[in-house]
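The values are calculated or read from the model by the stated rules, or taken from the named source; none is laboratory data. Computed from a predicted model, the values in this text were never measured in an experiment. In this analysis, Cβ positions are derived from the backbone assuming ideal geometry, glycine residues included, and neighbour counts consider all displayed protein chains.
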Amino acid sequence: MTYEHLRLGRETLSTDLHSKKRYFGPIPADPREHGATLGQRLREFRQRATTQDIGGFDDRKLLKIRLCADFKSAPKFDSIPGVEIVSQEDESIVLTFATKEGLSKFESRLTELARTGVATRKELLYAIEDFDHWTPQDRTGAALRDQELPTIEPFVLDVELWPQEQQNKRQTMLSSFLDWSRDHGIERMDDIRQPSLVMVRVRCNRIGAEQLLRHRDVRTVDLPPRLGVAVELLHTDIHQFPQIAPPADDAPAIAVLDSGLTRGHPLLGAAVGDAQGCLAPHRSPDDSAPHWHGTFVGGLALYGDVHACVQQRKFVPQLRLFSGKVFEDDGRDQTGFVENAIGEAVRDLHDQYGCRVFNLSYGDLNKVYDGRHVRGLAYTLDRLTRELGVLFVVPTGNFDADFADARTAYPNYLLTPGARLLDPATALNVLTVGGLSMNEASRDAQRYPDKIEDCPLARTNQPFPLTRCGPSINHAIKPDVVEHAGNVALTRIGGRLRHAGLGVVSLNGGFGTGPAFKEDIGTSYAAPRHSWPTRQRDSLLKCRMLHPTCFAH
């Protein structure tokens, strides 16, 4: 039986769903040369990798890949066996962890490209401009790069590690880093453990910081958030504090000789023993706008660290506070000598109430010490000290620096003749207080923490940029002690001066129409914090051999 064969027609194949994916990225003019150049750069990286980085929770190498300019996102380098993408730092930098096998696979493909002009997944190789390692400069954060390491050791740094989505890897990396830190004398203070954010706050010295900047698992090293006075603190509702109890009848007395006192302030009234006015003809004891200088100083003399008291919601007066108004803080010339007003106030407060410690936050800008004899108010204070056996606490005075070039000139300008002590800081028998910087985050820096628009002149515990210095007559060392006085910052553009957020916090004499607290800067506010028995008591007690009768209590 004969069968007719079936006729089968040829079908046209459709390749729409399986067409070969085309590459639309940039192609080097000479792929062979591109492969040869990158191959050499990769071999150089492998030679350096054993000495550049230290530490690491495994033995993989950290490879920095710089992309060609036309690439905006990271190519899939992790399609190469043994290569894991860790991070893309910006549009041009991709960081990968690569095993020894992964680097060899990378190198073999580049060798193939250099030899034949083609290679497996050549589009990945076309995207690469260069290979390098993550350098200490790369690990240096913006603030640390701008301000450099603190000069006082040990200091605190914030260390960010590479992100790890897998919890087991994240835990292994962090545990390994903490073990390494302990072995190198680096103290852990706190840490953050989140899938895309692993950070450790550490305390170390300069050697430790240099090692951190070379650690393989470290992404960045930067300065911690800068301390500053938050505006919310200044507007704290004063009615939330318990009514203050008056100090004991036998509590030590501190007298503030200043621009007067706002006795009605809720945190002052119960502690005020008396307030006197020593300025003719009105003899008002009250502080006045706009500065309320005396109330500000009085709050510091009474409580010491007012900022901490607000945060702790606790104000407990340990002193009896007395006030003598000896000058007007209104910028106008006084008709009478301040020496006479002070002499009257000191004698009255000493005779009536037994006051032996007097804070005088005053400095005569027209009397910069010229190296000759002690004169004016300094002479008056020395004489009163010898006659009555009292102690005066005075500031060095503030220096009106030329802030056009202050950032580059700091702190050398503090040693110039124009930055010498103001009268009465030159007095030999007084306790002269210089200023230290405290906060580093201005109000704008707190509002925009990711920007560095303001540059603080000083770091914490460095000399306050406006403080003055000695010596006094016959090269006597001045100041005797130092205390926080605030800080100043310059705007990056324009060099304007700012200190909002950088100041010392105390009481606002104008609380009736404004907040109960305010902030300001100046050595005027360093001096009262050295009034016994605040937290600076020990510094005063070191001077008791000079003034034994001042500490009868």
Of all residues in segment 1-54 being among the aromatic types (F, W, Y) and either out of contact with any helix residue (DSSP H, G or I) (no Cβ under 6 Å at 6 or more places or on another chain) or farther than 25 Å from A119 by Cα (or both), the one that is modelled with the lowest pLDDT: Y3
For R529, indicate whether it is under 13 Å from G435 (Cα atoms), charged (D, E, K, R), crowded, with 24+ Cβ neighbours inside 10 Å and in contact (Cβ under 8 Å) with a residue 12 or more places away in the chain. yes
So is L144 of a type outside the set (G, A, S) and either modelled with pLDDT of 85 or more or under 26 Å from Q211 (Cβ atoms) (or both) or not? yes
Taking E84 as the residue in question, decide whether it is part of a helix (DSSP H, G or I), modelled with pLDDT of 80 or more and acidic (D, E). no
Which pairs turn up if I take residues in segment 275-296 that are closer than 19 Å to D348 by Cα and look for partners that are acidic (D, E) and not in a loop (DSSP other than H, G, I, E, B) with beta carbon separation below 7 Å, at least 6 apart in sequence or on another chain? Q276/D348; C278/E344; G294/D258
Look through S437, S361 and report the one residue that is crowded, with 16+ Cβ neighbours inside 10 Å, under 21 Å from L321 (Cβ atoms) and of a type outside the set (F, W, Y). S361
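Conditions (1) outside the structural domain of P75 (by TED's automatic domain parsing); (2) touching a residue at least 60 places away in the same chain (Cβ under 8 Å); (3) in a helix (DSSP H, G or I), marked per residue:
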position	(1), (2), (3)
S104	no, no, yes
S108	no, no, yes
E112	no, yes, yes
R115	no, yes, yes
A119	no, yes, no
T151	yes, yes, no
E160	yes, yes, no
Q164	yes, no, no
Go through segment 368-397 and give me each residue that's hydrophobic (A, V, I, L, M, F, W, C), closer than 14 Å to I342 by Cα and in contact with a helix residue (DSSP H, G or I) (Cβ under 7 Å, 6 or more places away or on another chain). L377, L384, L388, V390, L391, F392, V393, V394
Give me the pairs: first residue in segment 29-45 and under 12 Å from L125 (Cβ atoms), second residue outside any helix (DSSP H, G or I) and among the β-branched types (V, I, T), beta-carbon distance under 6 Å, and six or more apart or on different chains, which are they? L38/I128
With the requirement that a residue be of a type in the set (D, E, K, R) and farther than 21 Å from V357 by Cα, what does segment 263-285 give you? R283
Any residue in segment 383-396 that's farther than 12 Å from H350 by Cα and in contact (Cβ under 8 Å) with a residue 12 or more places away in the chain: show its pairings with residues that are charged (D, E, K, R) and in a loop (DSSP other than H, G, I, E, B) at Cβ separation under 8 Å, as long as the two are six or more apart or on different chains. T396/R468; T396/K478
When the residues of segment 473-508 are filtered to those that are modelled with pLDDT under 90 and in a strand (DSSP E or B), which remaining residue is surrounded by the most Cβ atoms within 10 Å (Cβ to Cβ)? A489
Checking E483 against (1) under 22 Å from L302 (Cα atoms); (2) in contact with a Pro (Cβ under 8 Å, 6 or more places away or on another chain), the condition it does not meet: (2)
Scan segment 189-199 and tell me whether some residue there is in contact (Cβ under 8 Å) with a residue 12 or more places away in the chain, assigned to a helix (DSSP H, G or I) and touching a Leu at 6+ places or on another chain (Cβ under 9 Å). no
The condition from (1) over 23 Å from S259 (Cβ atoms); (2) not in a loop (DSSP other than H, G, I, E, B) that L377 misses is numbered (1)
Being surrounded by fewer than 19 Cβ atoms within 10 Å (Cβ to Cβ) and under 27 Å from I152 (Cα atoms) narrows it down to one of E232, E210, so name that one. E210
Quick check on my filter: what residues within segment 239-252 are over 35 Å from the mean Cα position of the chain (by Cα) and surrounded by 13 or more Cβ atoms within 10 Å (Cβ to Cβ)? P246, P247, A251, P252
In the list K122, K76, K105, K100, which residue meets the criterion of being of a type in the set (K, R) and in contact with a Gly (Cβ under 7 Å, 6 or more places away or on another chain)? K105
Confirm whether G418 is part of a loop (DSSP other than H, G, I, E, B) and closer than 30 Å to T385 by Cα. no
